[in-house]
Amino acid sequence: LFFFVHLHSLGLFLVCFLSATILPLASEAVVLAFLYYGFDPVFVLIIATISNTLGGTTNYLLGMIGKTKILQKYINNEKKWQRIEVRVNKYGAWLGLISWVPFIGDPLTIVLGFFRVRFVPVLLFMTLGKGLRYAFIIFLW
């Protein structure tokens, strides 16, 4: 963690961006490390939210260029595929609010892009969800 703190805002940006992709990084720990080392909480909130949202946007764009057969291969279950499709059609962009949730959030943003859920509402809800998560962590600090 010290390495990323040493990089200052670039380190925070990189970890929060990469943790929103399929890489198993914990941006929450880095946010807490930055707070521990005395960084301004508002600065940390803004950088973490923007970079994590950009990472989620990258996933969304990857989903848009994905092929049906590839995604179905990873899901590998017709009933599961249908459940996902029903939920995406039912909740749409609102699913962006839970894009911060560990293990499901990153694949969820890929699925939202794959099903071409309208980007601007997804982006707004994704930013709100991710920002509220970091605000909550900072508030508890």
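Accessible-area rank, largest first, for Leu108, Leu140, Leu32, Leu62: Leu140, Leu62, Leu32, Leu108, with all protein chains present and a 1.4 angstrom probe. Listed by number, the DSSP H helices of the chain that run 24 Å or longer by alpha-carbon position along their axis and have mean Kyte hydropathy of at least 1.0 are 41-64, 119-140. The convex hull defined by the C-alpha atoms of segment 100-141 has an orientation-averaged projected area of 2.9 nm².
Distance distribution P(r), the chain, all Cα-Cα pairs, bin width 10 angstrom from 0: 13, 42, 28, 14, 3, 0 percent. Counting only heavy atoms of the protein chains and using a 1.4 Å probe, Lys67 has close to 130 Å² of accessible surface. Take segment 25-107 with all the other protein chains still there, run a 1.4 Å probe, and you get 63 Å² of accessible area per residue. Rounded to 0.05, the FRET efficiency of the Glu85 and Ala26 pair, given R0 = 22 Å and the Cβ-Cβ distance, is 0.10.
Counting only heavy atoms of the protein chains and using a 1.4 Å probe, Glu78 has close to 110 Å² of accessible surface.
For Val111, neighbours were defined as the other residues whose beta-carbon sits under 12 Å from its Cβ, and their charges (Lys and Arg +1, Asp and Glu -1) total +2. Surface composition of segment 72-141: carbon plus sulfur atoms hold 66% of the accessible area, using a 1.4 angstrom probe and ignoring ligands, DNA and RNA.
Here is the list for segment 11-106: chymotrypsin sites (Phe, Trp or Tyr not before Pro) lying in DSSP coil, each with at most 16 other C-beta atoms within 10 angstrom of its C-beta, are Tyr37, Phe103. Computing FRET efficiency as 1/(1 + (r/R0)^6) for Arg118 and Ile46, where r is the C-beta to C-beta distance and R0 is 30 Å, gives about 0.75. Computed across segment 46-115, the Kirkwood hydrodynamic radius from all distinct Cα-Cα pairs reaches 12.5 Å.
The values are calculated or read from the model by the stated rules, or taken from the named source; none is laboratory data. Predicted model, so just to flag it, every value in this text is computed and none were measured. Cβ atoms come from the backbone with ideal geometry, glycine included; neighbour counts cover every protein chain shown. These area figures cover heavy atoms from the full protein model, side chains too; ligands, DNA and RNA do not enter into them. Shrake-Rupley method; radii C 1.70, N 1.55, O 1.52, S 1.80 Å.
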